[in-house]
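The values are calculated or read from the model by the stated rules, or taken from the named source; none is laboratory data. Computed from a predicted model, the values in this text were never measured in an experiment. No Cβ is skipped: glycine too gets one built from the backbone with ideal geometry, and neighbour counts run over all protein chains shown. Remember, those area values only see protein heavy atoms, side chains included, never the ligands or the DNA or RNA. Shrake-Rupley method; radii C 1.70, N 1.55, O 1.52, S 1.80 Å.
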Amino acid sequence: MPNSEPNPIPNSDRLEQLKQFDESKTGVKGLVDKGLTTIPTFFIHQSEPDPKPKTRPGYKHSIPVVDFSAPRSKIVEQVHNASTTLGFFQIINHSIHVQAINKVVNSIKAFNEQEDEVKMKYYSRDMSRGVAYSTNFDLYNSKAASWRDTLQLKLAPTPPEWEHVPEVCREAAAEWDKEAVKIGEELMGLLCEGLGVKEDRLKELSCLDARVMAAHYYPYCPQPELTKGLTPHTDPGVLTVLVQNEMTGLQVKFEEDWVDLEPIPGAIVINIGDILQIISNDEYKSVEHRVLANPFQEPRVSVAIFFNPGQRENLYGPLPELISDEKPAVYREFMFNDYMGRFFSKELDGKTLTNYYRISN
C-alpha cells in the first residue's frame, strides 16, 4: 500500500550523517570507490511486510515486446493491450539507431566514472540552471536513501544552461532528446488510436512539450538485500521513454508479483504515467515499478525522459470523448502545477496521485 503518513523528521544523528554524505559531493559511487563493504545505515530499508511481492523466474507474466516493423494495426493493438494491463512494454525495430542509444547510455556511464574532482563541480540539488547531479532528489525526506546517483536535466520547454551540463555527456543528451521526441510523438499517436480518439489528441494537450531527463547510475552494492536502487513508485507524467544498458534490476509490479524486465539490446522501454491513466479515464494503467540494488560489479545505467504537459495552468482530466453515461469520469480535473507540487512534496514511494484525484463513488 502507498505510504500516506507524513515523512518522519530525521533525528539529529541521521540528519548529520545525511549532510556529511551529501556535502562530500561524491555520491554512492564515491562510497563504492572507497571499498566500502557495509552500507551506511541511512541506506537500509525496512523489510516489506508479509506477504511480500515475489519475483518468480519464468513467471507466466512477462513485459510485452512490440515489434515496430509490424503493420500499424498490429502495433496499435499490441501497444493498447500492453498499456491496459502491465502499463510497460519494450519496442524493437523502431526508427532510432542503436548507436544513438549506446551513445547517450555510454556518456552517462563515462560521466559517473570520471574522477571525483571533476564530478564534484556538478554536484548540486539546485535545478535553477536546468541541471542537477546528486544522490536521490528526496534524500532528506525519504525514510531510507536508495543506492544510485542521478544526473537530471530539464529539457523543455526551457532547455538547461548547456554550459553547466557535464561536457562528457552534453552532446549526447541534446541529441537523445531529439530522438526521444520523435519516438514519443509516434507512441502518443499509437496510444490515441488505441483509445479511439484522433491521433494528435495528446499532442494538442501539449503532452510532448515539457520534458525532463533522469540519468541513473546504479553502482555495485556490497549489501544489495538491505537497500533499493529505486523504491517502488509510479511515474507522475504522461509517458516515460527509457533506454538502458544490459544490466538487470528494473522490475514491474503485476498484481502481487514483481516481474523482471529483461533488457533487450537496442530496445526502448515505454511506460504509462499517472496523467495518461487519468486522461484515458483508467483505460491505460500506470503501474508501480522499482529497481533492485545492483549486486554486480558492472554498473546499471538508464536514461529516462519523462513527457509532461507543457501548458501548466491548463486543466487536465479524462478526455471528454471517452466519457459517457455508461462510462462516467473516474477522475476530477486538476491544474498540472498543483499536481506536480503534490508529487514533489512527498518522498518517491508508492502510488498516491491517481488515488488523490479519483472521484469517490
Have a look at Lys327, Lys228, Lys121 and tell me which one the Gaussian network model of the chain (Cα, springs below 10 Å) gives the largest fluctuation.
Lys327
Selection from Ser206, Pro157, Gly341, by position along the positive dipole direction of the chain (Cβ)
Gly341
Given springs between every Cα pair under 10 Å in a Gaussian network model of the chain, which of Ile323, Ile44, Ile101 has the largest fluctuation?
Ile323
Unsatisfied cross-links (Cα-Cα over 24 Å) in the set Lys29/Lys103; Lys25/Lys154; Lys34/Lys253:
Lys34/Lys253
Euclidean distance of C-alpha centroids, segment 116-170 and segment 10-47, integer Å:
18
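Using the scaling law 2.2 N^0.38 Å as the reference, what is the normalised Cα Rg of the chain?
Values: Rg = 19.9 Å, N = 361, 2.2 N^0.38 = 20.6 Å.
Working it through for the chain, the quotient is 0.96.
Where does each of 298-307, 254-263, 184-193 land if you order them by average Cβ count within 10 Å, highest first?
Listed from highest to lowest mean packing, they are 298-307, 184-193, 254-263.
What is segment 80-163 by shape, rounded, prolate or oblate, if you read a ≥ b ≥ c off the alpha carbon gyration tensor as root eigenvalues and call it rounded for a/c under 1.5, prolate for a/b larger than b/c, and oblate otherwise?
prolate
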If you roll a 1.4 Å probe over the heavy atoms of the protein chains, what accessible area per residue do you get for segment 120-216, in Å²?
41
Taking a ≥ b ≥ c as the square roots of the Cα gyration tensor eigenvalues, with a/c under 1.5 meaning rounded and otherwise prolate when a/b beats b/c or oblate if not, segment 196-344 comes out prolate
Please list, in order along segment 293-307, the HN-Hα scalar couplings obtained from phi with the Karplus expression 6.51 cos²θ - 1.76 cosθ + 1.60 (θ = phi - 60°), rounded to whole Hz, x for Gly and Pro.
4, 7, x, 9, 5, 6, x, 8, 10, 9, 10, 10, 10, 9, 9
Non-local residues with an amide H under 5 Å from the amide H of Asn294, with H modelled 1.01 Å from N and Pro and chain starts lacking one, are Cys221
Hz values of 3J(HN,Hα) by residue in segment 129-139 - Karplus curve (6.51, -1.76, 1.60), Gly and Pro given as x:
9, x, 8, 8, 10, 6, 9, 6, 5, 9, 3
Using 7 Å Cα-to-Cβ label points, what is the Lys198/Glu23 separation (nm, one decimal)?
5.8
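Mean residue ellipticity at 222 nm from the helices of the chain, using -39,500 (n - 2.57) per DSSP H segment of n ≥ 4 over the full residue count, to the nearest 500 deg cm²/dmol? Present the calculation step by step, with values, prior to reporting the outcome.
Working: 10 runs with 105 residues, N = 361.
It lands at -8500 deg cm²/dmol.
For Asp126 and Lys34 in one chain, what is 0.36 nm times their gap in residues minus the Cα-Cα distance, to one decimal in nm?
30.5 nm
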Is the shape of segment 149-241 best called rounded, prolate or oblate, per the rule: a/c under 1.5 gives rounded, else a/b larger than b/c gives prolate, else oblate, with a ≥ b ≥ c the square roots of the Cα gyration tensor eigenvalues?
oblate
Centroid-to-centroid separation of segment 197-237 and segment 261-275 [C-alpha atoms, Å]:
10
